[in-house]
Amino acid sequence: MKRVATCSCGRLSMAIHGEPTKISACHCQACQRRTGSAFGVAVFYKKDRVETSGASTSYVRAGDSGRSIEFRFCPACGSTVFWMPEFRVDLVAIALGCFVESRSLVPTQSVYEQSRLPWVSLDLL
């Protein structure tokens with residue numbers, strides 16, 4: 001199976017082959033800030049299954065684990081498309097909302113529940 005993910009303007013895109021290793025809904029405050037929403041959803045794939053096309057700009061910050069996370073976003077439209085957590089060197093996380101077709105991508109876990117907003121409820125696989 002091949003999936004495609006893009007930024008808002010389409011200049012930064014990814015072709016992804018195969019199925020994800022996991023899909024995480026993250027309720028940490030950093031994901032809330034990054035997305036401007038109640039949580040973020042990361043679709044994790046093995047790095048060797050992902051091909052990137054187009055320019056990206058990098059932003060590195062410390063995660064709640066204390067290890068770094070490198071975020072890649074489109075320099076034209078600013079969409080965060082993917083990121084690489086230092087503690088998972090073999091994986092790349094792709095923002096769920098960037099997938100051209102995302103209906104079949106359902107979170108399999110929910111993390112940082114202590115920061116979850118009280119009105120958020122998820123039905124996980």
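Taking only the range 74-111 into account, find how many residues are acidic (Asp, Glu) and either loosely packed, with under 14 Cβ neighbours inside 10 Å or modelled with pLDDT of 95 or more (or both). Spell out how you get there, then give the answer.
Taking the range 74-111 first, the residues acidic (Asp, Glu) are 86, 90, 101.
Okay, now just the ones that are also either loosely packed, with under 14 Cβ neighbours inside 10 Å or modelled with pLDDT of 95 or more (or both), so 90, 101.
Here the count works out to 2.
Among the listed residues GLY40, GLY66, identify the single one that is touching a strand residue (DSSP E or B) at 6+ places or on another chain (Cβ under 7 Å) and either touching a residue at least 24 places away in the same chain (Cβ under 8 Å) or more than 19 Å from PHE99 (Cα to Cα) (or both). Let's see the steps before the verdict.
Details: GLY66 fails: touching a strand residue (DSSP E or B) at 6+ places or on another chain (Cβ under 7 Å).
It is GLY40.
Search the range 112-125 for residues being out of contact with any Ser or Thr (no Cβ under 7 Å at 6 or more places or on another chain) and among the hydrophobic types (A, V, I, L, M, F, W, C), and hand back the single one that is surrounded by the fewest Cβ atoms within 10 Å (Cβ to Cβ). Walk me through it before giving the result.
Going through the range 112-125, the residues out of contact with any Ser or Thr (no Cβ under 7 Å at 6 or more places or on another chain) turn out to be 112-121, 123.
Imposing the further condition that a residue be among the hydrophobic types (A, V, I, L, M, F, W, C) reduces the set to 117, 119-120.
Details: LEU117: 10, TRP119: 6, VAL120: 13.
Among residues in the range 112-125 that are out of contact with any Ser or Thr (no Cβ under 7 Å at 6 or more places or on another chain) and among the hydrophobic types (A, V, I, L, M, F, W, C), the one surrounded by the fewest Cβ atoms within 10 Å (Cβ to Cβ) is TRP119.
If a residue must be within 14 Å of the chain's Cα centre (by Cα), in contact (Cβ under 8 Å) with a residue 40 or more places away in the chain and closer than 18 Å to ARG34 by Cβ, how many such residues does the range 93-118 contain?
10
The values are calculated or read from the model by the stated rules, or taken from the named source; none is laboratory data. Everything numeric in this text was worked out from a predicted model, so none of it was measured. Cβ atoms come from the backbone with ideal geometry, glycine included; neighbour counts cover every protein chain shown.
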